[in-house]
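As C-alpha cells, the structure follows; a few thoughts come after it.
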Amino acid sequence: MQDPIEALTIIFTEFYYWVTVALMFLIHVGFSTYEIAAVRPKNMQRTLMKHFMVIPLVTITFFFFGWWLYNAIPSGPGITGGILDGAGETAAPWSPLMAPELQDRLNGVFWAAFLLFSWTAAAIVSGAVLERGRTGAFLILGTMVGSVTWVIDAAWGWHPEGWMVQVMGYHDAYASGVIHGIAGGAVLGVILVIGPRIGKFGPRGEVRDIKPHNVWMCCVGLFIIYTGFWGFYVACNIPIANISTEGVYLSATNIYGMPTTLSGITFNFLMSLSGGILAAYLVSRGDPFWTFSGGLAGIIATSAGNDLYHPLQSMILAAIGVVIIYKLHFWVERRFKLDDVVGAVAVHGYAGTFGVVVAGFMLWGYPAAAPVEGVTAWFTTPEGWPAVNPLGNLIGALIMFGVLGFLPAFAVAKLLDAFGLLRVPRAVELAGLDAHEHSPSYPYFRGADVVDGVAADERALAEAMDGSSSNGTGPAGSVAREDTRR
Amino acid sequence: MGTGLDSFSNPQDIGALYPFVGSEVLLVVVGIVLWLAWHVRQIVIENQEYRRALELYQRVGMSRVLQQGGTESLADEQALATSGSSDTGPSAGSESATGATASPTGSRHSATSDAGGPGRPESAAH
C-alpha cells in the first residue's frame, strides 16, 4: 500500500473487524456460563465440553468449506446465476488469501468475523440437547448448522448479491433470521426427535419445572452474551464505504452495502434491549431467567431492521416480540410437550422470525441492495433497486426457520437417532452425564444442612409467623405495609 | 536452504508469507482427513464410556446410583469391581450388599475400604 489514505482505510478496517472478533468471543463465554448454570450439577461438565468442542470444529470446517460457500453461492446456484467469480481465489482453503499474504489485509478478519457468527449459530443449537444428548451427536449437528446451513442462508439472504435480497428484497441487517431464525428452527427439529428429559412431563402430561441449578450464573451468562452482541452488531457493518452513486460519500453501511451509522445502531441496540427487558419483567413477573432472556430476545426481535428503525420503534417492537415469544414458548411446551430447556426456540427462533416478518412491513419500499444486472426483483424502488417488502421477508423468514433451520436438523437428528447416536442411555441420563467419567462438579458442596445463627433466627421468625411459637421481639428495621396488616 | 522468503526488501512484490508455498492442497487434504477421523474417534470414545457406565450401574443397581448424593456416594470403578466380585447377585443395590453406606460424609471411601481394594487416591477420584 503506497497511498496513505488507502492504507489508513484498509488498516482501520482490518483492525475494526479484528476488535469485533475479540468482542464476539464473549458471546461464547456467556453461552457457556449460561448453559452450565441452566443444567443440573450432574450434567455440568459434559455441557461445558459439548459447547466448547464445537468451537474448534466449526472453525476448521469454516476454513475448509464454510467461507467458500458464503462467497460462492449467493446466486443459488442456479437461481440468479452460477458460482460467483472470485470465490475460489478468495475463499478456497488452498487459496494464498486464506493465509498470511502481504497484498491482502482483510480476508482473514472478514473470515474470522463470519466464523464468530458461525460459532453463535452452532452454540444456539446446543440448547436442544441439554441434559440428554450425546456429545458426538451435537458436534455433528452443530458443525452442520455452523459451517453449512447458516452459511447457505447467509449467502442467499445476507450478501448484497444474494438471490433472496435481489429477487425478494429480503432485509435482515443484524441477522434476526439469518442466525437466530435458522438456529431456532434447528433446535426445534432436534428436540422433536430427541424428546423431553426424563421427568419433564408428568403422567397426566403436566409440565414440571426443572430449574436451573444456578439462576444468577444463568443471568450473568446472558449479561455476558449482551456484551458480546456489541461485537456481533458492529461486525455486521462495513465501517467505511462509498455509498454515493455519483461522486464520493463515505459512510458505514449494513452488510448489503446500504447506508447506516454506528451511532444509529447503538441507539437501537440499547433501546431494543431495554424494551425486551421491561416487557419480559412484566410478563414473567420478574423471573430472572426470563427477564434476562427477554433482553436478548428483544434485540433479536428487532435486529432485522435495527439499521434503520427509530429507537422508540425498536423499543416497542422488542417489547411486543418478547411478550409473544414468552407466551408462545409456554403454549408450545404445554400443547406439544416439547422440552426446550433454555427456551432457545423461543428466544432465537420465534423472536428471529418475528423480527424478519416485522421488518418487511416496517421498511416496506426501502432499497434492499444495489441491483445486480440481469436480475428482476419482485418489488422495486422508483430507481429500479430491489425493494424491501412484507412478502419477501415473510417467505424469507420461512426459508430461514423452516427450510434451512428445521428440516436439515430434523433429518440429521432422525438419522443419528436411527443409529442410536442421538440420546444418551437412560441410565446415564438418570445418573447424570458427568457421573461416570468425570469427578463431581461440586465435590465439597455439602452445605445445605448447615445451621448457623442466621438460619436459626430465620427459622424462629418463620415459626412465629406460622403461630407455632411466640417470640416477643420482631426483627429490627422498618416494617413493610403488608406486615402491618398481619 | 530456505522454506520460503529470504528478503523483505521489496514488499510490493511479496505475496504469500508462509513457508512451503505449493503445499496448500496437500495441507487441506490432511486437514479434512484429520477432522473426519476426529469425529469417528470421539464417537468411539463416547460409546465406550457409556458401555462402561452401564456395566457399572447394572452391577450397583440404579436405585443406589440415585441415592442421596447421587453418584458421589458411589465407590470408584475399581473398588466397585472388587466389591462386585464378592456380591451375591447382579442386583447388589442394597447398601449392605456392597458394604457401602450413603452417609453424608460420602461413602466413596467407606466402600473402598470395606471392599479392601486399593481404589483411586482421592485426588484422582475428585
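State whether the residues of region A:462-478 include one that is within 14 Å of chain B (Cβ to nearest Cβ) and at pLDDT 70 or above.
Within region A:462-478 (the criterion being within 14 Å of chain B (Cβ to nearest Cβ) and at pLDDT 70 or above), the answer is no, since none of the residues qualifies.
In this structure, does A:Ala137 turn out to be within 13 Å of chain B (Cβ to nearest Cβ), part of a helix (DSSP H, G or I) and either more than 22 Å from A:Asp340 (Cα to Cα) or touching a residue at least 12 places away in the same chain (Cβ under 8 Å) (or both)? Break it down stepwise before answering.
Values: within 13 Å of chain B (Cβ to nearest Cβ): yes; part of a helix (DSSP H, G or I): yes; either more than 22 Å from A:Asp340 (Cα to Cα) or touching a residue at least 12 places away in the same chain (Cβ under 8 Å) (or both): yes.
For A:Ala137, the condition - within 13 Å of chain B (Cβ to nearest Cβ), part of a helix (DSSP H, G or I) and either more than 22 Å from A:Asp340 (Cα to Cα) or touching a residue at least 12 places away in the same chain (Cβ under 8 Å) (or both) - is met.
Return the only residue of B:Glu24, B:Glu49 being within 10 Å of chain A (Cβ to nearest Cβ) and at pLDDT below 95.
Numbers: B:Glu24 fails: at pLDDT below 95.
Going through B:Glu24, B:Glu49 in turn, just one is within 10 Å of chain A (Cβ to nearest Cβ) and at pLDDT below 95: B:Glu49.
Filter region A:111-133 for residues that are among the hydrophobic types (A, V, I, L, M, F, W, C) and more than 15 Å from A:Ser147 (Cα to Cα) and give the result. Let's see the steps before the verdict.
So the first thing to find is which residues in region A:111-133 are among the hydrophobic types (A, V, I, L, M, F, W, C), and the list is A:111-117, A:119, A:121-125, A:128-130.
Residues satisfying the conditions are A:Ala128, A:Val129, A:Leu130.
If you go through region A:352-371 one residue at a time, do you hit one that is within 30 Å of A:Asn43 (Cβ to Cβ) and in the same structural domain as A:Gly177 (by TED's automatic domain parsing)?
Let us first name the residues in region A:352-371 that are within 30 Å of A:Asn43 (Cβ to Cβ), namely A:352-353.
Next, only the ones that are in the same structural domain as A:Gly177 (by TED's automatic domain parsing) stay: A:352-353.
Yes, because at least one residue in region A:352-371 is within 30 Å of A:Asn43 (Cβ to Cβ) and in the same structural domain as A:Gly177 (by TED's automatic domain parsing).
Out of region A:84-98, which residues are of a type in the set (Asp, Glu) and either buried (at least 19 other Cβ atoms within 10 Å of the Cβ) or within 12 Å of chain B (Cβ to nearest Cβ) (or both)?
Let us first name the residues in region A:84-98 that are of a type in the set (Asp, Glu), namely A:85, A:89.
Matches in region A:84-98: none.
Consider region A:259-307. How many of its residues are surrounded by fewer than 24 Cβ atoms within 10 Å (Cβ to Cβ) and among the aliphatic types (A, V, I, L, M)?
7
Pull out all pairs, ordered by first then second residue, where Cβ-Cβ is under 6 Å, the residues are six or more apart or on different chains, the first lies in region A:99-122 and is within 13 Å of chain B (Cβ to nearest Cβ), and the second is β-branched (Val, Ile, Thr) and surrounded by fewer than 19 Cβ atoms within 10 Å (Cβ to Cβ).
A:Leu102/B:Ile14; A:Arg105/A:Ile10
Looking for whichever is surrounded by fewer than 17 Cβ atoms within 10 Å (Cβ to Cβ), assigned by TED's automatic domain parsing to the domain that holds A:Phe289 and part of a helix (DSSP H, G or I) here; the options are A:Val29, A:Val21, A:Val109. Which one fits?
Working: A:Val21 fails: surrounded by fewer than 17 Cβ atoms within 10 Å (Cβ to Cβ); A:Val109 fails: surrounded by fewer than 17 Cβ atoms within 10 Å (Cβ to Cβ).
Going through A:Val29, A:Val21, A:Val109 in turn, the sole match is A:Val29.
Yes/no matrix, rows are residues, columns are (1) buried (at least 20 other Cβ atoms within 10 Å of the Cβ); (2) within 25 Å of the chain's Cα centre (by Cα); (3) outside any helix (DSSP H, G or I); (4) of a type outside the set (S, T, N, Q):
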| position | (1), (2), (3), (4) |
| --- | --- |
| A:Leu48 | no, yes, no, yes |
| A:Phe63 | no, yes, no, yes |
| A:Tyr70 | yes, yes, no, yes |
| A:Ser75 | yes, no, yes, no |
| A:Gly82 | no, no, yes, yes |
| A:Leu115 | yes, yes, no, yes |
| A:Ala122 | yes, yes, no, yes |
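When the residues of region A:381-428 are narrowed to those that are buried (at least 19 other Cβ atoms within 10 Å of the Cβ) and within 14 Å of chain B (Cβ to nearest Cβ), which ends up nearest to the chain's Cα centre (by Cα)?
Per the criteria, the residue is A:Val412.
Within the group B:Val40, B:Val33, B:Val28, which residue is β-branched (Val, Ile, Thr), free of Cβ contacts under 8 Å to residues at least 12 places away in the same chain and in contact with a Pro (Cβ under 7 Å, 6 or more places away or on another chain)? Give the derivation first.
On the way: B:Val40 fails: in contact with a Pro (Cβ under 7 Å, 6 or more places away or on another chain); B:Val33 fails: in contact with a Pro (Cβ under 7 Å, 6 or more places away or on another chain).
Every option except B:Val28 fails the conditions.
The values are calculated or read from the model by the stated rules, or taken from the named source; none is laboratory data. Everything numeric here is computed off the predicted structure, so don't read it as measured data. FYI the Cβ positions are ideal-geometry reconstructions off the backbone, even for glycines, and counts take in every protein chain you see.
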